[in-house]
Each structure stands twice: as C-alpha cells, then as structure tokens.
C-alpha cells in the first residue's frame, strides 16, 4: 500500500525473515481507513486475510477496563471503593485497602503468581484472593504492572456485580454495540472448528520447533481475561475508533474521557523498570521519560495517546492529537529485542508515512 509503504515493508520483511508467518495492519486517520491489510500466512499453507482471527494477548486487556467502565457509568461500581466490597474474600492477607482504581492503574501491589494463566479461571481467582500484599507496598503509593492478577480480579468483579461471566458481558456490552462481531474472549472448540484456517496460530519463532502453546485448542478456548482476546485487528481498530468518537453506543463521552486520560503520572513502574503513565486500564504514551519501553507507541505518538501492547506480537492505540488509530498483530513471537525493534519500526512508520511528524 503506497500510503503506508514504509510501515508495510516492516511487516512484510518480518514474514520474509521468519520473525512471523503472517500479520495484519489496520490504520485510520480522522475516521478514514488508511490501511486494512494482511500479510503472509495465518498457518502453514493458509493465506492470512483481513478476516483472520488473531491472538491479541495483552492488547485485549482494555476490553476488560471498558467492561468496568460500563458498570461505573451505571453506578454499580465506584472507582474509589475497595475491591473487597465486590469480591469479599479478596481482602485477606493485607489487601483490604486495594481499590478498583488501584487495580486499573497497577498500583495495587499483588503482581505475580507463577503459571496463573495456565490454570482454570476459578482456581486463578482463588489464588489471587489468597495471595498476600507485596512487602512494603502501600496501595496507590507504588506502581508495577500486574500482567495477569489484576485483570482476573476485574473480570470476577464484573461477574459478582452483574451476574454474567466476563466473556458473555464483553460480547453483549462491548463487542455487539461496537460491531466487533468476530471477536472472542476464549473461542469454544466448536467455533474453532468452524473457523478452520481463518483462526491464526501464534508461534515462538525463536525456536526451531516454532512452539505453539498459545494455539492449542484448550488454551484457545480458555477464559483468560488477561491474554486470550482474539479477533481481526480491524475490529480492535473499531474499538479505538469508538473511543475517539466519544464511546458511540458503548459509553458516554465523559466516561471515555475518565478512563483514557492519564491518572497515574510520573511514577516508576517496578515491573517495566521505566516510568510509565497510566489511565484506567490503558497505557499512556510515556517516551518523554525514556527513549522506549515495553509496548510503547513509537517515538512520534503524542503524550495523549492511549492503548496497550501484547507480548511480542501486537499493539493497538489511539492518538487523539491526530485522530489516529493504529492496530496490528503478528503471529510470531521473535523474542523481546526483535519485537521491540519491530514495534518501534511499525509505530514510527505509520506517523512518518502519514507525514504526522
């Protein structure tokens, strides 16, 4: 595509050099679709298309944040309320002061449980509720990205308050009103069979075996709210377009502003070893503090840009300063350094191709 020649070359080069088997790219500017492209293969011998269903990994986490936003807007959840008000057993082992806002801004202090994304949902919630608060951590006063625990807890909060499990809630309250008809949080085995070659694999391209743990049918079907959102990236783009447009049929404009404007500012993140600003469930562009950090939006995004990246495979964000939406995903995880370079090249390329710098 001539309009995004530099950007598309990065993704095609990744196919040619074996960083990923295939990729999707979606970009819109001022509501005009600039790119909706597919590259390479979704799986061996099957062409990647614009409709192929990709794993977003952590790029899907803001969907859970917007589920919380729906409940806040209705008055069913208060950001300043302790999480234990909604999930009572969470207060054990020193976590009684952790609020909903602390979880959304990664300042709660209950970051890590090894292997939590490979156990059943109910077991994961039980482990999170039993875990202690981190030593010398006062909620709200320290910051550190919670890769899994916080998102499971938010998902359970939705279930306790609304009654619907998180996958049903986001399908009915986020995907349906925003026209994201081909998106899932966990794809049932029967749907996986129907999708066939349209369901893209994801593989570790640092290994000769190209391990595909995240593509195993049981994992694809799993209720993993931190990491198992899947769909075409053009529909993830629709999500961010709706937020730039004031929420459309999902949220009121004031609620969108509340959740996408920076609330945690200038705090060192103990997980990223970098200073990273956060909105409520969204990363906010923070390269002014350091040249780059994990999942950033490239060197040219404005300080108002918000979104989220996915581990070694994806990134999606909106930049209100330009009316820009960028969403892309690759089905190869090439290792942290290679992905960081790919992430920077793709995101920088969009701005440079569109002459926004």
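Any read-out appearing in this document is the output of simple, stated calculations on the displayed coordinates, not a laboratory observation. It should be emphasised that the depicted structure is a prediction, and the values quoted were computed from it without experimental measurement. Virtual Cβ from ideal backbone geometry, glycine too; neighbours counted across all protein chains shown.
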Helix 5-17 vs. the chain, principal-axis angle (Cα, 0 to 90°, nearest 10): 90
Fully extended contour minus Cα-Cα distance, from residue 32 to residue 194, at 0.36 nm per residue: 55.1 nm
Angle in degrees between helix 121-130 and the longest Cα principal axis of the chain, rounded to the nearest 10: 50
Cα-based shape type of the stretch 126-261, given that a ≥ b ≥ c are square roots of the gyration tensor eigenvalues and the cut on a/c is 1.5: oblate
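Going highest first, how would you order 166-172, 341-347 by mean Cβ packing within 10 Å? Write down the numbers at each step before the final one.
Numbers: 166-172: 19.3, 341-347: 20.9.
Highest-to-lowest ranking by the protection proxy: 341-347, 166-172.
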Using alpha-carbon coordinates, inclination of helix 61-73 to the longest axis of the chain, degrees: 50
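With a ≥ b ≥ c the root eigenvalues of the C-alpha gyration tensor of the stretch 1-151, is it rounded (a/c under 1.5), prolate (a/b larger than b/c) or oblate?
Values: a/c = 2.74, a/b = 2.06, b/c = 1.33.
Prolate.
What value, in deg cm²/dmol to 500, does the helix sum -39500 (n - 2.57) over DSSP H runs of n ≥ 4 give at 222 nm once divided by the residues of the chain? Each step should come with its number before you reach the end.
Values: 11 runs with 110 residues, N = 357.
Helix-only estimate at 222 nm: -9000 deg cm²/dmol.
Once a ≥ b ≥ c are taken as the square roots of the eigenvalues of the Cα gyration tensor of the stretch 232-337, is the result rounded (a/c under 1.5), prolate (a/b larger than b/c) or oblate (a/b not larger than b/c)?
Details: a/c = 1.96, a/b = 1.20, b/c = 1.63.
Oblate is the answer for the stretch 232-337, as a/c is 1.5 or above yet b/c matches or exceeds a/b.
Length gain on complete extension for the stretch residue 213 to residue 118, per 0.36 nm per residue less the alpha carbon to alpha carbon distance? Present the calculation step by step, with values, prior to reporting the outcome.
Numbers: separation 95, 0.36 × 95 = 34.20 nm, distance 1.04 nm.
Between residue 213 and residue 118, full extension yields an extra 33.2 nm.
Grab the Cα-Cα distance for residue 96 and residue 268, subtract it from 0.36 nm times how many residues apart they are, and report the gain in nm with one decimal. Write out the running numbers ahead of the final one.
Values: separation 172, 0.36 × 172 = 61.92 nm, distance 2.36 nm.
Gain on extension, residue 96 to residue 268, equals 59.6 nm.
In the chain, what percentage of the DSSP-assigned beta bridges are antiparallel, given to the nearest 5?
Among the beta bridges of the chain, antiparallel pairing accounts for roughly 90 percent.
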